[in-house]
Protein chains: 2
Amino acid sequence: MSEIPYKIYLSENEIPTAWYNVRADMKNKPAPLLNPGTGEPLKTEDLYPIFCEELCKQEMNNTDKWIDIPGEIVDFYKMYRPSPLVRAYCLEKALGTPAHIYYKFEGNNTSGSHKLNSAIAQAYYAKKQGLKGVTTETGAGQWGTALSMSTAYFGLDCQVYMVKVSYEQKPFRREVMRTYGATVTPSPSMTTNVGRKINEEFPGTDGSLGCAISEAVEAATSQEGYRYVLGSVLSQVLLHQSVIGLEAKAALDKYGIKADMIIGCAGGGSNLGGLIAPFVGEMLRGEADYEIIAVEPASCPSLTRGSYVYDFCDTGRVCPLAKMYTLGSDFMPAPNHAGGLRYHGMSSIVSQLYDDGYIKARSVKQTDVFAAAEQFARVEGILPAPESSHAIRVAIDEALKCKETGEAKNIVFGLTGTGYFDLVAYQKYNDGVMDDYIPTDDDIAASLAKCPKLG
Amino acid sequence: MSEIPYKIYLSENEIPTAWYNVRADMKNKPAPLLNPGTGEPLKTEDLYPIFCEELCKQEMNNTDKWIDIPGEIVDFYKMYRPSPLVRAYCLEKALGTPAHIYYKFEGNNTSGSHKLNSAIAQAYYAKKQGLKGVTTETGAGQWGTALSMSTAYFGLDCQVYMVKVSYEQKPFRREVMRTYGATVTPSPSMTTNVGRKINEEFPGTDGSLGCAISEAVEAATSQEGYRYVLGSVLSQVLLHQSVIGLEAKAALDKYGIKADMIIGCAGGGSNLGGLIAPFVGEMLRGEADYEIIAVEPASCPSLTRGSYVYDFCDTGRVCPLAKMYTLGSDFMPAPNHAGGLRYHGMSSIVSQLYDDGYIKARSVKQTDVFAAAEQFARVEGILPAPESSHAIRVAIDEALKCKETGEAKNIVFGLTGTGYFDLVAYQKYNDGVMDDYIPTDDDIAASLAKCPKLG
């Protein structure tokens, strides 16, 4: 038995006290956000009506390498961090691979994912600004849960617009949010202008994330003392998520382990961007080299099949324009896609790093993803989230390649969360009725054609 | 800020390597199991057709103080143990209490509870005996999940009889078990004689735990290479669960903390018995004193309102008779009881310790339990299982008493698991439609009257 433990835990005083802002080390900065009306680059203060001021500053900050984490946030982190870096001894044995596999496990908290790292930060700055509350949208409810836990902690009001079909079909996440005191409204609702309009135009609609975003933004801007918050894509979110990578790197360093390969699932990019931040920082500064792989679903392949252009961040087209790898804001993965990571675009930081060649991308089919999830669950004892299982799939594939070549690579992947609220998807897989969908080139070209002609 | 961290983690090499058998230190041993046919005390070998031989020996072992934990089990424990002993700083602050509150958190694993500690041991001994598989029953599915994780790890077959109403209304736990490769059969089924008989007598029945036990026992004894396993009540289970208390005590000792009060929820007694084992051991040996409180639901109050007599362990009356605090094997808590801990009797070890005055008992109403659960979740960031929340309720009550008296007591309680699969109950509470049920004296007298006249 190796001297490396199953779980490498840092001590509480090793929790990072500053977030790492990878943009400071990027020669090619992410392209600026543009005003959707004028096409002009946005100034920090242009964002103040939507987001907290401190978060607007973080969103626009391309220069400061380290941003202090306020003590109140560190205290909250202490309730569930440092998260363990786990050596997957049992998976290695089951695969018969010489590779050493490690995963940074972010699921040991009630939100069940890494989303809490940014939710608590956003709630803190809202509280500090003296706001009454925040609004947001949620699909399956992972982000909404993390946010409601954070607002409960700081005594803020929390208004969540939940896509109606999820509200009705996934009542459990809704009840977690309610237990944490959040108001959860099925979207489209009759509480906003945009919601009423959509209900009128499309009676009986199931709702969409795009509509829920529009309602949440309207609710934030039309109520005194409220702002809107978002759980992925934004640069501020990737900044907060850098705690994942900083802890992972500290844990590896503690045992003198040099990662060869770092693998993360990629939807909007919050987990991947956070996990790889300090590693890609070393690459940007020419200090080290890593093979970094972003894994996305074949049904929503923004990096592998999208275009790097300016696009709308929301289907309602009320948010700023961002330059990113995108499938077009109208793109919707097929309804049978159960594996998460459904966002049409990719964080501008991850997009730029990918365009500059620091990150590779791979797309995987969802039945292959669930096969990896099941294999992992049975030997490692954790039922993984479908999203996280994209990374597991590629980690297993790479470990099996090592078995062929005899290489003892150090493979690190991000296990972003648990699948306890995704059992409808697991049931489909267990029943053998899950299928795969891959969009045609024509599908993607059609939605890309609707991107604004800019940049 | 105190120097005691939020989470006291032991290192992996501090995981106990032997279970502590509290019976060795008890002057008054638990009363022996009796043959349900003859009323004679059972011999170890009488149990061999039902349980693995090694487990039968552990069941009957009243003398060996320490029983080595096999290395394979310790390796599995390393995947999710040591579990943290958490200082509830945020709860203390919210309550404004001078008390110091600690909880031993057993929910950070996919089974979501402490049940895994015994499930992996029972699966190990089944594997070691060369068995093909094991059978068991499960209600809501917590034990079945823990067992299916354990059998998947050792490559054993796992057949779970799940109470039909839970099978249909709680499909998610079922899907976790299936993902781990278990066969889950709604009970009563047509696969056993007893199941067919019950289906014939009561067409359309929803099933009961008693019936599921009978089916699982029949399935075990009628198939070559199978044995039956059980997740609570048995002395072997309490033995395995002593890892909870041993770790908790080691963590407290590491910081020189002397617990004043130890609180655990009590259904069959597996968590409580495990948590208190080393502490009550000190009491039995006259080395220290603690106030130990067993908390049970007012709707199923075996310790506070039951009798200490020999009773049937299952409603099907096929299992050995045990002397225990019981409400009678026909006793069923009202259907509106959502808070778990539904078993009619109490582990014979806990029963004897209670009868000898080492343990106090308190019963609490379920709406008070869910109020405590919500308060805890909002400040400590963990959505607790309803079962665990019984202990939270009393811990909060005791901390509030300290606020009145100014005493800085060290309160330790067991947080046995998470409530991610209990959101139907939380929804009832959130919707204000949860009510309380307290059985009448006549209800209890009527079911107690059916106990066998023995002992």
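Bear in mind that the values in this text are calculations on the coordinates, not laboratory data. All figures in this text were calculated on a predicted structure; none of them were measured in a lab. Virtual Cβ from ideal backbone geometry, glycine too; neighbours counted across all protein chains shown.
Normalised by the number of residues in chain B, the mean separation of alpha-carbon contacts (under 8 Å, six or more apart) gives a relative contact order of 19 percent. Bridge orientation summary for the range A:287-380: considering DSSP beta bridges with both residues in this region, about 60 percent are antiparallel.
Summing +1 for each Lys or Arg and -1 for each Asp or Glu among the other residues whose beta-carbon sits under 9 angstrom from that of B:G141 gives +3. Put simply, the amide H of A:I8, placed in the peptide plane, has neighbours under 5 Å in A:L85, A:V86, A:R87, leaving out anything fewer than 5 places away on its chain. Using the Karplus relation 6.51 cos²θ - 1.76 cosθ + 1.60 with θ = phi - 60°, the per-residue 3J(HN,Hα) values for the range A:102-116 come to 10, 9, 8, 9, 9, x, 7, 8, 5, 5, x, 7, 5, 4, 4 Hz, with x marking Gly and Pro.
Between this copy and the others, label points of A:P452 are 8.1 nm apart in ascending order, each placed 7 angstrom from Cα in the Cβ direction. A cut-off under 12 angstrom between Cβ atoms defines the neighbours of A:A288, and their net charge, with Lys, Arg +1 and Asp, Glu -1, is -3. Fewest neighbouring Cβ atoms within 10 Å first, the residues A:Y167, A:Y290 line up as A:Y290, A:Y167. In percent, how large is the relative contact order of the range A:1-84, given Cα pairs closer than 8 Å and 6 or more residues apart? Contact order relative to length: 49 percent.
Note on B:173-185: average number of Cβ atoms from other chains within 10 Å of each residue's Cβ is 4. Plainly put, the range B:102-191 has a radius of gyration that is 0.99 times its Kirkwood radius, both from alpha-carbon atoms, as the Rg/Rh ratio.
The mean number of partner chain beta-carbon atoms within 10 angstrom of a residue's beta-carbon across peptide B:100-110 is 2.
Note down the Stokes-Einstein diffusion coefficient of the protein assembly as shown in µm²/s, whole number, using a Kirkwood radius over alpha carbon pairs, 10 °C, and 1.306 mPa s. In µm²/s, the coefficient rounds to 56. Neighbours of A:G112 by Cβ distance under 11 Å: Lys/Arg scored +1, Asp/Glu scored -1, total -1. In this simple spin-label model, placing a label point 7 Å from the Cα along the Cα-to-Cβ direction at both B:V424 and B:K132 gives a separation of 3.3 nm. Comment: the Cα-to-Cβ extended label point of B:E282, at 7 Å, lies 4.5 nm from its counterparts in the other copies, nearest first. Estimated from helical segments only, the mean residue ellipticity of chain B at 222 nm is -12000 deg cm²/dmol, where each DSSP H run of four or more residues counts as -39500 (n - 2.57). Across the range B:311-367, the mean sequence separation of Cα contacts (distance under 8 Å, 6 or more residues apart), normalised by length, yields a relative contact order of 29 percent. What is the angle, in °, between the Cα long axis of helix A:142-154 and the longest principal axis of the Cα atoms in chain A? Nearest 10 is fine, range 0 to 90. With both axes taken from Cα atoms, the answer is about 80 degrees. Put simply, the convex hull of the Cα atoms in chain A casts, on average, a shadow of 20.3 nm².
Relative to the compact-globule estimate of 2.2 N^0.38 Å, the Cα radius of gyration of the range B:223-279 comes out at 1.41. The phi torsions of the range A:375-388, fed into the Karplus equation with coefficients 6.51, -1.76 and 1.60 and a -60° offset, translate into couplings of 4, 4, 4, 5, 9, 9, x, 10, 7, x, 5, x, 4, 4 Hz, rounded to whole numbers, with Gly and Pro shown as x.
Close amide H partners of A:W66, meaning residues 5 or more places away or on another chain with modelled amide H under 5 Å apart, are A:N21. Per the Debye formula on identical point scatterers at the alpha carbon atoms of the range B:293-386, with no solvent, log10 I(q)/I(0) at q = 0.12, 0.13, 0.14, 0.20 Å⁻¹ is -0.43, -0.50, -0.56, -0.96.
One Cα centroid belongs to the range B:77-102, the other to the range A:285-325; the line between them spans 41 Å. Peptide B:374-384 shows a mean partner chain C-beta count of 5 within 10 Å per residue C-beta. Under 5 Å from the amide H of B:E137 lie the amide H atoms of B:Y161, each residue being 5 or more positions distant or on a separate chain, with H modelled from the backbone and absent for Pro and chain starts.
Take A:G204, move 7 Å from Cα toward the beta carbon, and the resulting point lies 3.1 nm from the same point in each other copy, nearest first. Based on alpha carbons, the Rg and Dmax found for the range A:229-362 are 15.0, 49 Å. Phi-derived couplings, Karplus 6.51 cos²θ - 1.76 cosθ + 1.60 at θ = phi - 60°, listed residue by residue for the range A:46-52: 5, 8, 4, x, 9, 10, 4 Hz, with x used for Gly and Pro. Using only the alpha-carbon atoms, how far is helix A:270-284 inclined from the longest principal axis of chain A? Give it as 0 to 90 degrees, nearest 10. Taking Cα atoms only, the helix is inclined about 60 degrees.
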